[in-house]
Amino acid sequence: MTQAHLTSKERVRISLAWQQPDRVPIQIYVTPEIGAQLAAHFGRRDWRQCLGVDFRHVGPVYRGPVRATRDGIRYDLWGAGYRRIEHGSAGAYDEATELPLASLESLDDVERYPWPDPEAFDLSTIRAQCNAVADFAVCCGDAGTPDIANGVSRGRGMEQVLIDIVTRDPVGLAIIDRRCDICYRVLRRTLESADGRVDIVCIGEDMGNQNGRMVSPRDFEEVFRPRLKRFIDLAHEFGARAMMHSCGDTHELMPTLMAMGLDVLDAMQPEPPGMQPVEKIRELCRARRGLHLRPGPLHPARHAVAKRPGRLRRGPGPGADLTGRRLGR
């Protein structure tokens, strides 16, 4: 293996070992509208390949019952109903409009609720999916796993979920635990089916807002930490790295996340004041050999991508890559 002929998998693994690869590993998340424009622009070519994206996702298919779309409302496997809301040039988003978990008032209600069955996920193609993208960093899971605050709020309401967390409401915590247990079992089955072919396990929990941490230190320690730690430990059990997505300002939580064993923080928003200057974040991570992913140039250039994808020519802006190097200078 030489630096001139690295595969995406090798590039990511070198970075995760705190070594310098040939270039910074690239990951990207796009809305359906942007994905469609990129596909149209690049034609028959895989736009991820064209942009040098180093990560690929694999996952099971849910074969269990889901309520049929009715009166324009689409239902997910958790029973929440969504209506498509158009936001003009900002695109369209499915907003939760039916919140079935909000009506659960007792532990018996939680027990009787029709939760998705982890055994209803079809994993028969997982190994083939992994083999098809073997030269890339293979990921399973996503930002919605377990996604305690956001995920539960889509069926219960954000205000009620935060009240559940602050008051340690038994019903609210039981709902959270049911979601976490189902996500955990699906992820474990996926890793078992992959048989060592997964490089990174992806989880998500938005722990920051634009001004700092989303919940108090006590709430994080008592509610979030033990539940998220299960997923980090699961990744390591199968020889994979754990990567957690979180929006907002998470700098106060970074030492805690590293102490929990998190390998990569997929921090999507460098704009909050607490996430600057970049040197502070870099040294915070370097001191513990922690890893910090930043979105780089595509985030501030998102409007340029949306309107003129063929004209995007910006180089990396100031940021920190997986090895903690300074970029754009």
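Brief remarks follow.
- Each other residue within a Cβ distance under 9 Å of Ala92 adds +1 if Lys or Arg and -1 if Asp or Glu, for a net charge of -2.
- Computed from the Cβ-Cβ distance with R0 of 45 Å, the FRET efficiency linking Ala36 to Arg168 stands at 0.55.
- Enclosed volume per residue, in Å³, of the convex hull spanned by Cα atoms of segment 70-187: 155
- Selection from Leu101, His57, Leu6, by position along the positive dipole direction of segment 1-141 (Cβ): Leu6
- What you get for segment 148-275, charging only the Cβ of Lys and Arg (+1) and of Asp and Glu (-1), is a dipole of about 400 debye around the Cα centre.
- Ellipticity estimate at 222 nm from DSSP helix runs (n ≥ 4, -39,500 (n - 2.57)) divided over the chain, nearest 500: -10000 deg cm²/dmol
- Stokes-Einstein diffusion for segment 13-82 at 20 °C, viscosity 1.002 mPa s, with a Kirkwood radius from C-alpha pairs, works out to 135 µm²/s.
- When +1 charges are put on Lys and Arg Cβ atoms and -1 charges on Asp and Glu Cβ atoms, the dipole computed for the chain relative to its Cα centre reaches about 1640 debye.
- Alpha-carbon Debye profile of the chain, log10 I(q)/I(0) at 0.09, 0.11 Å⁻¹: -0.50, -0.77
- Spin-label pair Arg67/Asp181, simplified geometry with 7 Å Cα→Cβ offset, distance in nm: 2.3
- Rounded FRET efficiency, nearest 0.05, which uses the C-beta distance separating Glu252 from Ser89 and R0 of 25 Å: 0.15
- Residues Arg189 and Glu159, FRET efficiency given R0 of 35 Å [Cβ-Cβ distance, rounded to 0.05]: 0.55
- Share antiparallel - DSSP beta bridges, the chain, percent rounded to 5: 45
- For segment 125-281, the Cα-based Rg and Dmax, in that order, read 16.0, 47 Å.
- In range of the label at Lys280: residues from segment 203-229 whose backbone nitrogen is under 13 Å from the point 7 Å along Cα→Cβ: 211-213
Only the coordinates and a few stated rules stand behind these numbers; no lab work does. Keep in mind the model is a prediction, meaning the values are calculated, not measured. Note that each Cβ is placed from the backbone with ideal geometry, even for glycine, and that neighbours are counted across all protein chains shown.
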